[in-house]
Amino acid sequence: MGVIVKGKPVADALLAKVQADAEALRQNGAPLCLAVILVGDDPASKIYVGKKHETCERVGIQSRMYHLAESVSQQELLELIEKLNKDAQVTGILVQLPLPAHIHARQVLRSIDTHKDVDAFSMLLDMSGDDLVPCTAGGILELIHSTGVEIAGKNCVVVGRSNIVGKPMAMLLLHENGTVTICHSGTVDLGDQTRQADILIVAVGKKKLITADMVKDGAFVVDIGMNRDASGKLCGDVDFEAIKEKASYITPVPGGVGPMTIAMLMYNTVEAAKRQFAVRRDI
Ligand code: NDP
């Protein structure tokens, strides 16, 4: 049976480092504050925002919450972001997705000052050097690194090409010298592609899309999907019970990737504040 790669211990280790760095910033009188903008009343978004606020408190990051009505205009939202961009006390800005249909999400995300963009969605094509990386993809990289498995030279297959998960994941694997294939809803024979994967990353949102016959023996399988089964229990995109017998490593749902996403957000928030503080000190 493969090793079950749990997110919580790796996330806790990262959060402990973040907490120490946050305390060091505080001791130096540096601002450290995450502004979170929520538009509308989507129940899942409210839960995610609540968790972010709780985790900020846990690690010593100040957080401010801006809850705007579903009917807010794009102009009003852009004005709020502009105000936060200019506020020296705010070191990180996050707009919770999805946004209502009348708002141009890409334009809104691009209006965030890149130094304060802790979700790092504006970094999509430039993940080289020491840029902040999008939280879910960055968290998965940390999880893979925690096992000691090398990415360089491996066949990596990413199923899903969203701007939030699939594309940044593929870019990060490429940056680590993996040989990367990206699959999507137009891929003709998905199993044919996934069977080539030494590292298989699945971010689709369809339960049991990936069955055991679609996985190579000894593969490292990362399941990002979050779905509900018939009994309402949280489950991923891969058939965990069958695939864990075949994989060398596999992440469970829940308890795999999920805890890493929020830990990476905290990491990015402290990193962004450290960089802004260093620039101000040097002026
Ligand atoms: P999106 O709906 O934005 O993207 C899904 C992707 O899957 C699309 O690229 C789509 O292809 C592709 N797809 C759909 N059907 C198939 C198929 N049959 N075969 C191959 N590819 C297919 O979702 P997200 O990327 O935002 O999220 C994916 C999943 O990850 C969700 O379950 C979400 O809840 C979860 N998630 C979990 C997080 C965590 O922290 N654990 C964080 C973020 C997301 P196409 O582009 O052609 O339409």
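Every read-out reported here was derived from the displayed coordinates using simple, explicitly stated rules and does not represent laboratory data. All values derive from a computational prediction rather than experimental measurement. Reconstructed Cβ throughout: ideal geometry from the backbone, glycine too, with neighbour counts over all protein chains shown.
Numbers at a glance
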{"read-out": "Pairs where the first residue, in the range 245-273, is among the polar types (S, T, N, Q) and the second is assigned to a loop (DSSP other than H, G, I, E, B), C-beta under 6 Å, 6+ apart", "value": "SER248/GLY2; SER248/GLY218; THR251/VAL5; THR251/VAL257; ASN268/VAL118; ASN268/LEU132; THR269/ILE61; THR269/VAL118"}
{"read-out": "Filter result for LEU109 (surrounded by 16 or more Cβ atoms within 10 Å (Cβ to Cβ), farther than 21 Å from ARG275 by Cα and free of Cβ contacts under 8 Å to residues at least 60 places away in the same chain)", "value": "no"}
{"read-out": "Search result, residues across the range 129-141 that are part of a helix (DSSP H, G or I) and either over 12 Å from VAL222 (Cα atoms) or in contact with a Pro (Cβ under 9 Å, 6 or more places away or on another chain) (or both)", "value": "CYS135, THR136, ALA137, GLY138, GLY139"}
{"read-out": "Positions within the range 179-203 being small (Gly, Ala, Ser) and either surrounded by fewer than 22 Cβ atoms within 10 Å (Cβ to Cβ) or within 6 Å of the ligand (Cβ to nearest atom) (or both), in sequence order", "value": "SER185, GLY186, GLY191, ALA203"}
{"read-out": "Count of the range 154-186 residues which are in contact with a Lys or Arg (Cβ under 6 Å, 6 or more places away or on another chain) and assigned to a strand (DSSP E or B)", "value": "1"}
{"read-out": "Residue among ALA170, ALA137, ALA101, ALA152 that alone is in contact (Cβ under 8 Å) with a residue 12 or more places away in the chain and either under 23 Å from GLN62 (Cβ atoms) or exposed (fewer than 14 other Cβ atoms within 10 Å of the Cβ) (or both)", "value": "ALA152"}
{"read-out": "Search result, residues across the range 211-222 that are outside any loop (DSSP other than H, G, I, E, B), more than 11 Å from the ligand (Cβ to nearest atom) and under 18 Å from VAL257 (Cβ atoms)", "value": "PHE220, VAL221"}
{"read-out": "Residue that is surrounded by the most Cβ atoms within 10 Å (Cβ to Cβ) [pool: residues in the range 248-264 that are assigned to a helix (DSSP H, G or I) and near the ligand (Cβ under 10 Å from one of its atoms)]", "value": "MET264"}
{"read-out": "Long-range neighbours under 9 Å by Cβ, at least six apart or interchain, first residue in a loop (DSSP other than H, G, I, E, B) within the range 53-66, second among the charged types (D, E, K, R)", "value": "GLY60/GLU23; GLY60/ARG26"}
{"read-out": "Qualifying residues in the range 223-247 (those that are surrounded by fewer than 16 Cβ atoms within 10 Å (Cβ to Cβ) and assigned to a loop (DSSP other than H, G, I, E, B)) - the one farthest from the ligand (Cβ to nearest atom)", "value": "GLU245"}
{"read-out": "Where a residue in the range 11-35 is touching a residue at least 24 places away in the same chain (Cβ under 8 Å) and its partner, wherever it lies, is surrounded by 21 or more Cβ atoms within 10 Å (Cβ to Cβ) and assigned to a strand (DSSP E or B), with Cβ under 6 Å and at least six apart", "value": "LEU34/GLY92; ALA35/ILE93"}
{"read-out": "Test: residue in the range 21-39 that is within 17 Å of the chain's Cα centre (by Cα), assigned to a helix (DSSP H, G or I) and β-branched (Val, Ile, Thr)", "value": "no"}
